[in-house]
Amino acid sequence: MAKSLSEHLTVSGPIKLADHDSRATTGFDGDKDDSAKSMTLLAEDLSEQQERLFANGQAETGSSRVLLLLQGMDTSGKGGIIRHAAGLVDPQGLSIYSFKKPTPEELEQDFLWRIEQRLPAPGKIGVFDRSQYEDVLIARVRQLAEPAELERRYDAINAFEKRFTDSGGVLIKCFLHITSDDQKERLAARLDDPTKHWKYNPGDIDERMLWDDYQRAYEIALERCSTEWAPWHLIPSGRKWYRNWAVAALLAEKLRGLNLEWPAADFDVATEKARLAGT
């Protein structure tokens, strides 16, 4: 049996990011033009699958909910995916949240507290732009937590994700893999285009200086937290068109896997037809 896209992209065991081609097109047999046609078909599929999910949530006939989690270095394309992949579904069934530096209130709680406040409700697709993994990435690179605390956090994340999936949630974790050269090219493009200056942050260069440290922090997080119930998917993101297609295709694949039926009417259809005819 042919592998699914999820199986092709799933991370398992030790990983060395430098060994992975950021411009690979894993699972896609075609070029950029072909991807545009495929995205049109995916949009139709996603629309129906998401409506089934949303309908079940509204009818309270199921606990299914989906969380798309996006992590990656600056310029890896989190915003692009939200526009071009998540943007294919009906906005009323979508909740998007971008995690920034913790607020004073959030710092008074356990690191997972603010994540739990933003989980999607049954019937919804949630999208996280960054996530609980910031607390084992930046915290490791910037030495904001002791080694023992970092170890506790990996275990806490795995337990948290298990509770989410046991409760009917589907977690799609995507690491958007780019190289240092990819990032340099994209940052330069932002500086060259006045319409993109708003996207440029001088702090990105400070973080870029720690590229190798971040790559190792990601490798550890991917190894420690790619589980049977919530595997990590490594998305080659050097080609924007492939990145968008891969995440949209993964989302469609996971939605189809729920095998959702349309909720049955909780009223007598024949009676309601007769009542309507008499108005």
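The values are calculated or read from the model by the stated rules, or taken from the named source; none is laboratory data. Computed from a prediction, not measured in an experiment: that's the story for all the values here. Glycine also receives a Cβ, built like all others from the backbone with ideal geometry; neighbour counts cover every protein chain displayed. Side chains are part of the model used for accessible areas, which takes the heavy atoms of the whole protein and leaves out ligands, DNA and RNA. Shrake-Rupley method; radii C 1.70, N 1.55, O 1.52, S 1.80 Å.
What the pair-distance distribution of the range 70-196 shows, using all Cα-Cα distances binned every 10 Å from zero, is 10, 36, 35, 16, 2 percent. Entry comment: accessible area of the range 119-242 is 46 Å² per residue, from protein heavy atoms only and a probe of 1.4 Å. Apolar share of the accessible surface for the chain: 50 percent from carbon plus sulfur atoms, 1.4 Å probe.
Looking at the range 44-86, the GluC sites (Glu not before Pro) that sit in a DSSP loop and have at most 16 other Cβ atoms within 10 Å of their own Cβ are E60. On the principal axes of its alpha-carbon atoms, the range 1-71 has extents of 47, 33, 29 Å, going from largest to smallest. For the residue pairs K78/K101; K101/K254; K101/K184, the alpha carbons lie more than 26 Å apart in K101/K254. Radius of gyration (Cα atoms) of the chain, expressed as a multiple of 2.2 N^0.38 Å: 1.10.
Can you give me the Rg/Rh ratio for the range 205-262, using Cα atoms for both radii and the Kirkwood formula for Rh? Expressed as Rg/Rh, it is 1.11.
Largest first and in whole Å, the equivalent-ellipsoid semi-axes of the range 1-139 read 27, 24, 14, each the square root of five times a Cα gyration tensor eigenvalue. Per-residue ellipticity at 222 nm computed for the chain from its helices equals -15000 deg cm²/dmol, with DSSP H segments shorter than 4 residues left out and the rest contributing -39,500 (n - 2.57). Computed from the C-alpha gyration tensor, the three semi-axes of the ellipsoid equivalent to the range 104-174 are 23, 13, 11 Å, from longest to shortest.
Normalising the Debye intensity of the range 39-103 to I(0), with uniform scatterers on Cα atoms only, and taking log10 at q = 0.21 Å⁻¹ returns -0.96. Compactness of the range 176-239, taken as the C-alpha radius of gyration over 2.2 N^0.38 Å, stands at 1.36. Between G126 and V66, L67, L68, S95, the built amide H atoms are under 5 Å apart, and every one of these is 5 or more places off in sequence or on another chain. Spread over its residues, the convex hull of the C-alpha atoms of the range 137-279 is 215 Å³ per residue.
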